[in-house]
Amino acid sequence: MKIFIKNMVCGRCISAVENIFTDMNIKVKNINLGEVETASEILEKDLESLEKHLEETGFERIKDSVHQLTEKIKNLIIVKISELDIDDNFLLSEFLSSQLNKDYSSLSKTFSQNESITLEQFFILQKIEKVKELLLYNELTLTEIAGKLGYKSVQHVSSQFRNSTGFTPTEFKKLKVHNRKPLDQV
């Protein structure tokens with residue numbers, strides 16, 4: 001049985017969800033961002049209890065296929081960005097179409113209707129959050145960050161960063177308080 005879960009955005013989320021299933025003695029066959037495959041069917045009363053435990057931890061079971069698709073799209077984007085291996089010729093449309101075997105225009109329309117933001121805007125916001133994270137780690141130069149996130153130039157990443165945050169990357173690094181959003185709120 002496949003169960004789709006909202007707000008799983010990182011490895012810690014996978015561990016937290018896995019712990020919930022373990023605590024409820026539900027055998028997990030496979031677990032990925034946003035998706036858990038159980039070894040067997042789950043009784044309705046156990047599903048209700050599972051949903052309660054998930055909600056207590058900040059997660060939510062997704063029951064309808066439209067929201068499941070939207071969450072899959074989000075998770076594909078988050079994972080792709082976290083890999084830090086985006087070519088400067090990367091096309092979001094080709095990537096998502098090939099991963100989900102669906103026409104990009106229908107994916108884009110579904111996503112926009114459910115999230116009140118376009119796929120491209122979501123992708124940019126996710127990349128900007130990753131830039132913030134990498135700037136705070138102070139391990140990579142802005143040139144290296146730009147290269148790893150598929151930007152054609154430092155000017156491009158700087159411009160997108162300023163448009164999104166109101167700060168240049170240098171100004172952001174100097175801030176005493178860094179305004180990073182949790183990935184499930186982007």
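The values are calculated or read from the model by the stated rules, or taken from the named source; none is laboratory data. Worth saying up front: this structure is predicted, and the values here are computed from it rather than measured. Every residue, glycine as well, gets a Cβ built from its backbone with ideal geometry; the counts of neighbours run over all protein chains shown. The accessibility values were calculated without ligands, DNA or RNA, using every heavy atom of the protein model including side chains. Shrake-Rupley method; radii C 1.70, N 1.55, O 1.52, S 1.80 Å.
What to note about this one:
- Rounded tilt (10° steps) of 154-165 against the dominant C-alpha axis of the chain: 60
- Among Thr110, Thr170, Thr38, residue whose mean-square fluctuation peaks in a GNM of the chain (springs only between Cα atoms under 10 Å): Thr170
- Shape call, the range 48-186: gyration tensor on alpha carbons, a/c limit 1.5: oblate
- With every protein chain in place, the range 1-149: carbon and sulfur % of accessible area (1.4 Å): 45
- Taking Tyr137, Tyr104, Tyr151 in turn, the Gaussian network model of the chain (Cα-Cα springs below 10 Å) assigns the largest fluctuation to Tyr137.
- For the chain, the longest principal axis of the C-alpha atoms and the axis of helix 11-23 are separated by about 10°.
- With contacts taken as Cα pairs under 8 Å and at least 6 residues apart, the range 1-159 reaches a relative contact order of 20 percent.
- Which listed pairs, of Lys63/Lys132; Lys27/Lys148; Lys27/Lys130; Lys2/Lys132; Lys52/Lys74; Lys74/Lys102, have C-alpha distances above 27 Å, in listed order: Lys63/Lys132; Lys27/Lys148; Lys27/Lys130; Lys2/Lys132
- Whether the range 37-128 is rounded, prolate or oblate, judged on the alpha carbon gyration tensor where a/c under 1.5 counts as rounded: prolate
- Solvent-accessible surface of the chain, taken per residue with a 1.4 Å probe and all protein chains present: 57 Å².
- J(HN,Hα) series, the range 95-106, from Karplus relation 6.51 cos²θ - 1.76 cosθ + 1.60, nearest Hz, glycine and proline x: 4, 5, 4, 6, 6, 10, 6, 9, 5, 4, 4, 6
- Assigned charges on the beta-carbon of Lys, Arg, Asp, Glu; the chain dipole about Cα centre (debye): 640
- Dipole of the range 44-119 [Lys/Arg +1, Asp/Glu -1 at C-beta], most positive-end residue of Val66, Ile77, Leu91: Val66
- Computed [θ] at 222 nm, deg cm²/dmol, the chain (DSSP H ≥ 4; -39,500 (n - 2.57); rounded to nearest 500): -18000 deg cm²/dmol
- Principal-axis tilt of helix 119-137 within the chain, Cα atoms, nearest 10 degrees: 70
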